[in-house]
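One structure is given below, encoded as structure tokens.
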Amino acid sequence: MDKHLPPNTIMISPVTRIEGHAKITIMLDDASQVKDAQFHVNEFRGFEKFCEGRYFTEMPAITPRICGICPVSHSVASAKACEMIMGITVPYTGNLLRRMIHLGQHISSHALSFFHLSSPDFILGWDSDPVKRNILGVAEKFPDLARRGIRLRKFGQELSERVTGKKIHIMGIVPGGMSFPLTAENRQALLDWVPEAIETTQMGIDLIKKYHQEHHQEVSTFANFPSMYLGTVGPQGEMELYDGKLRFIEADGTIAADQVDPKFYLDYIAERVIPWSYLKYPYYKPHGYERGFYRVGPLARLNVASKMKTPIAQKEFEQFKAIGQGQPVHGTFYFHYARLIELMQAVEECKTILEDSQVTQSKTQVTGRHNYWEGIGCSEAPRGTLFHHYKTDASGKLVNINLLIATGQNNPAMNRSVLEVAKQYIKGKDIKEGVLNRVEAAIRCYDPCLSCSTHAIGQMPLLIEVRDHQGGLLNAIQRG
Amino acid sequence: MPKISVKIDDKDLEVEVGTTVLDVCRANDIDIPTMCHLKGLVDVGACRLCLVEVEGTSKLLPSCTTKVQANQVIHTQTDKLKKYRRMITELFFAERNHVCSVCIANGNCELQDLGYKVGMENVRFPYLFQNCEVDSSHSKFVMDHNRCIMCTRCVRVCSDVEGAHNWGIMNRGYQVRIIADFNVPWGDSTTCTYCGKCVDVCPTGALWNKDATQGSMQKYPQAVSDLVEKREMKS
């Protein structure tokens, strides 16, 4: 129990079934109605500071350690920044392998997010026993689905392991390309796995669509608020997960900026420090802090995209677009659907890459030297657009580092989502555990990646207190 | 060469006079960990990992610089020695900033291998977290003082094999540092020949080629040993 908690405040700490450590504070007014909500990220990593003084080519090996879920996205963004400093271009096969490993990470991360972390809410129920509301509970009731979900995640990791020998924190994505080639044997093993991966992803899509049908009211109103969106697109506006140009859209769907080279990101994005969290508040610079908050990630990528790159994903994409009826889909719950459509494109695109005759070529890397003093790299991490920006001295040592992480860009939106859900479900001081799970679920929609810690099982202790304006304890719920 | 008898770890051995304990052990498959020793370089007994117990002597002796004497009884694998070897390894890790996961040498590091070998599961000493520089002024190589364990292989190979005398040692104790020339940035050195021998013999990620990346970096200390051997055969 926190005696220093302000009166009329509900605190959810820690937030469970997300990657990292966070807590939520909900402030009530004198009439016990939700007044405000804050999403705190209470851990500090400091990578931007302690990487100063390192040689720039070390960054693709250092920055993946930011996170155990999306290390490849950091490696890719970092390697691209280094390549800009060197002024070199990655060979075709090196790029293919990087793309495939990056897609593999999307597959494993999205499978983890949906099947392990979020599906227990849909399958077992929001108000089901919290002790069993996890992947083990799903495995008990639906063993085939749980097994398939776990195997899909494994397939994503296998795409890394078959090239680099490691599933997580791989070594091999380096400035100039890839250190390791793909063997013909590994290529065939991965190709053989693709049909099962497509089938499982389709099962996930069917599951979420069924839930949409059965809970239409809840799904369509769950943290539904307009915002801008940012995502990466190809030359024809197709959704891109690895490399492309930036597109910002307004809340009504009109394009605010298109085909923006990521190296000009600072012309479009600014950040502000807020007092209650270690995460900064980024915003769309031309609109200013008050009006410029935007979202990134699966929902954003599908909202900004004109089309998908692969046939099955395109079919689902058309159904997704129909939800918005010509407008962007703002409902936070649709993150899950968007994530699964992306997952489908990732699996299908991996198949295309593996079928490319040049994927097993041995020329995967070029070398270069320190030629320019500044480099910017960008990739679409599972949770959204990621930027690495390095400045060096004359000898190549880093003097300034800016890492703009996807979850950071969703910070204002997560805060807003918590507020919306809290307003919708919390009425007065009598709060049930299932309601608090819904508040957490608003955060879980964004699948935030707050650090390299993972808490997949969701058994962490959680304490919520409701206090009156004198600080007196009105209600307390504890779990774990 | 005349031969003498010694007993090492209960093995009776006939060895040539003038041979070091370490060489005898290596020739007879007796495993002793080392860091500063490298075949072809003059031994200095700096790392203390190869200490052995010699009956009749109260002190532990470094096997790389101790020559066998007739009828000596030597122990190389006692509990006391194993305890000290692990302690020394822990002190290496505690002295500077060895973060294997992000080090360029991860997977290709003699210090990392040593940690596994002596069963180092944790470091019991407080880390010093020294503020060490990364010197990337050289056009081909990087010197990262964070990863240096002061084995001085680089100093010895540069002076004894290459003959350039680029590397030297400055200060004492925990402030000791490897320096180029009279403590200038490596890139400003007037003696470096760009041969890369120091990089090849460095056992950790302290010296590395700028083209190298984690996972792909390979070092070739054996190349220097072979070079010295060939020169000796020629002469």
For the stretch B:57-135, which whole percent of the accessible surface, found with a 1.4 angstrom probe, sits on carbon and sulfur atoms?
53
Helix axis angle, A:335-355 relative to chain A longest principal axis, alpha carbon, degrees
20
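If contacts are Cα pairs under 8 angstrom and at least 6 residues apart, what is the relative contact order of chain B in percent?
Working: 410 pairs, mean separation 43.5, N = 235.
So the answer I get is 19 percent.
Please give the average number of partner chain Cβ atoms lying within 10 Å of the Cβ of each residue in B:67-73, rounded to a whole number.
Details: counts 0, 0, 0, 0, 0, 0, 0.
Across the residues of B:67-73, the mean count of other-chain Cβ atoms within 10 Å is 0.
For peptide A:232-238, what's the mean number of Cβ atoms from other chains within 10 Å of each residue's Cβ?
Details: counts 0, 0, 0, 0, 0, 0, 0.
That average works out to 0.
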Excluding residues fewer than 8 positions from A:LYS35 in its own chain, the lysines with Cα under 18 Å of it are A:LYS23, A:LYS423, A:LYS427, A:LYS429
With every protein chain present, what is the per residue accessible area of the stretch A:224-352 (1.4 Å probe, Å²)?
38
So if I take the centroid of the Cα atoms in the stretch A:120-169 and the same for the stretch B:21-70, what is the distance between those two points in Å?
53
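Give me the inter-chain shielding for A:95-105: mean count of other chain Cβ atoms within 10 Å, whole number please. Show your work: numbers first, answer last.
Values: counts 0, 0, 0, 0, 0, 0, 0, 0, 0, 0, 0.
For this peptide, the per-residue mean of nearby foreign Cβ atoms is 0.
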Straight-line reach from A:LYS154: which lysines have a Cα under 29 Å away, not including same-chain ones fewer than 8 places off?
A:LYS80, A:LYS132, A:LYS141, A:LYS166, A:LYS167, A:LYS209, A:LYS210, A:LYS307, A:LYS309, A:LYS315, A:LYS351, A:LYS363
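Report, in deg cm²/dmol and to the nearest 500, the calculated mean residue ellipticity at 222 nm for the protein assembly as shown, where each DSSP H run with n ≥ 4 adds -39500 (n - 2.57) and the sum is divided by the residue count.
Details: 22 runs with 249 residues, N = 715.
Computed ellipticity for the protein assembly as shown at 222 nm equals -10500 deg cm²/dmol.
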Protein accessible surface hidden between A and B, which excludes ligands and nucleic acids, total in Å², probe 1.4 Å
1500
For A:ALA81, what charge total do you get from the other residues with a beta carbon under 11 Å from its beta carbon, if Lys and Arg give +1 and Asp and Glu give -1?
+1
Counting only protein heavy atoms, probe 1.4 Å: which residues of the stretch B:124-159 lose 40 Å² or more of accessible surface in the full assembly compared with their chain by itself?
B:VAL134, B:SER136
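When Lys and Arg each count +1 and Asp and Glu each count -1, what net charge do the other residues less than 13 Å away from B:THR20, Cβ to Cβ, add up to?
Details: positive: B:ARG26, B:LYS39, B:LYS67; negative: B:GLU16, B:ASP23, B:ASP43.
Around B:THR20, the surrounding residues sum to 0.
Leaving out ligands and nucleic acids, and using a 1.4 Å probe, what accessible area per residue does the stretch A:381-430 come to in Å²?
27
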Carbon and sulfur together cover what percent of the accessible area of chain A at a 1.4 Å probe radius?
52
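What shape does chain A take by its C-alpha gyration tensor, where a ≥ b ≥ c are the square roots of the eigenvalues and a/c under 1.5 counts as rounded, a/b above b/c as prolate, and the rest as oblate?
Working: a/c = 1.71, a/b = 1.37, b/c = 1.25.
Taking the square roots of the gyration eigenvalues as a ≥ b ≥ c, chain A is prolate.
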Would you mind getting the accessible area per residue of chain B, heavy atoms of the protein chains only, 1.4 Å probe, in Å²?
50
Taking the chain alone as reference and the full protein assembly as comparison, with a 1.4 Å probe on protein heavy atoms only, the residues of the stretch A:56-91 that lose at least 50 Å² of accessible area are A:GLU58, A:ALA61, A:ARG65
Starting from the Cα of A:GLN202, step 7 Å along the direction of its Cβ; do the same at B:GLU121; then give the gap between the two resulting points in nm.
4.9
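Nothing charged except the Cβ atoms of Lys and Arg (+1) and of Asp and Glu (-1): what's the magnitude of the dipole of the stretch B:3-77 about its Cα centre? Round to the nearest 20 debye. Don't jump to the answer; show the numbers that get you there.
On the way: 8 positive and 11 negative charges, 55 e Å.
Roughly 260 debye, rounded to the nearest 20.
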Lone cysteines in chain B, defined as no other cysteine's Cβ under 4.7 Å from theirs: which are they?
B:CYS25, B:CYS50, B:CYS64, B:CYS100, B:CYS103, B:CYS109, B:CYS132, B:CYS148, B:CYS158, B:CYS192, B:CYS195, B:CYS202
Rounded, prolate or oblate: pick one for the stretch B:3-77, where a ≥ b ≥ c are the square roots of the eigenvalues of its C-alpha gyration tensor, a/c under 1.5 means rounded, and failing that, prolate if a/b is larger than b/c, else oblate.
prolate
Restricted to Cα positions, what overall size does the stretch A:224-352 have along the principal axes? Three whole-Å values, descending.
44, 32, 28
Using a ≥ b ≥ c from the Cα gyration tensor of the stretch A:136-289 (square roots of the eigenvalues), is it rounded, prolate or oblate, where a/c under 1.5 gives rounded and otherwise the larger of a/b and b/c decides, a/b for prolate?
oblate
Cα centroid separation - the stretch A:389-406 against the stretch A:213-287, whole Å
24
Nearest 10 degrees is fine. How inclined is helix A:311-324 to the longest principal axis of chain A, computing both from alpha carbons?
40
For chain A, the longest principal axis of the Cα atoms and the Cα long axis of helix A:433-445 enclose an angle in degrees, to the nearest 10, of 20
Hey, which lysines would be in cross-link range of B:LYS234, C-alpha to C-alpha under 21 Å, not counting anything within fewer than 8 residues on its own chain?
B:LYS39, B:LYS197
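The values are calculated or read from the model by the stated rules, or taken from the named source; none is laboratory data. In this text, all values refer to a predicted model and were calculated from it rather than measured experimentally. Cβ: placed from backbone, ideal geometry, glycine included. Neighbour counts: every protein chain shown. Accessible surface areas use protein heavy atoms only, side chains included; no ligands, DNA or RNA. Shrake-Rupley method; radii C 1.70, N 1.55, O 1.52, S 1.80 Å.
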